Amino acid sequence: MIVRNVNEIEGTVDEIITANWTSRRVLLARDGMGFSFHETVILPGTETHIHYRNHLEAVWCIEGDGEVETIADGRKYTLGPGVVYALDDHDEHWLRGGREPLRVICVFNPPLTGREVHDARGVYPLPAGAEHG
Ligand code: 9YT
């Protein structure tokens, strides 16, 4: 069994800090679970273009506020505690921080390996041989 505290990830290579968000990746591909499991904090007032062409992601909002907008149809969804969204169609979207830091728990299938950051198209690369299922 794997038992970890997210605090153990802080300050390690598995804590990814960008201008818009910080992600603490607690379970990764190497853990063999078939998904990765992260705590992410979206900074207030930020806007991130995301398009997970190679992954499915579910996001559970724990605290704070923000907004997600699906680009294909322009629909906007308010994010706050208890809201869950799932990008079941690899939905291209804008993720916006609100007035307070937005803390979310994210699951990725296939699992991230750990170093991924969004490229210019908002995509995370897919490791060779990995496919979601
Ligand atoms: C909600 C979301 O997709 N935020 C971007 C970072 C991502 N959660 C990650 O890499 O952990």
Selected residue (only one of GLY64, GLY122, GLY74 is in contact with a Gly (Cβ under 7 Å, 6 or more places away or on another chain) and more than 27 Å from MET1 (Cα to Cα)):
GLY64
Name the residue that is nearest to the chain's Cα centre (by Cα), counting only residues in the range 20-40 that are assigned to a loop (DSSP other than H, G, I, E, B) and more than 11 Å from the ligand (Cβ to nearest atom).
PHE35
Only residues in the range 10-27 that are without any contact (Cβ under 8 Å) to a residue 24 or more places away in the chain count as the first member; pair them with residues that are more than 10 Å from the ligand (Cβ to nearest atom), Cβ under 6 angstrom, at least 6 apart or cross-chain, and list the lot.
GLU15/ILE9; ARG24/VAL6; ARG24/ILE9; ARG24/GLU15; VAL26/ARG4; VAL26/VAL6; VAL26/ILE9
For residues that are touching a Phe, Trp or Tyr at 6+ places or on another chain (Cβ under 8 Å), of a type outside the set (A, V, I, L, M) and free of Cβ contacts under 8 Å to residues at least 40 places away in the same chain, tally how many sit in the range 45-69.
2
Checked the range 41-80 for anything out of contact with any Lys or Arg (no Cβ under 9 Å at 6 or more places or on another chain), closer than 21 Å to ARG24 by Cβ and more than 12 Å from the ligand (Cβ to nearest atom); matches are GLY80
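Read-outs throughout are calculated quantities, based only on the coordinates presented, and are distinct from any laboratory measurement. Keep in mind that what you see is a predicted model, and the values were worked out from it rather than measured. Virtual Cβ from ideal backbone geometry, glycine too; neighbours counted across all protein chains shown.
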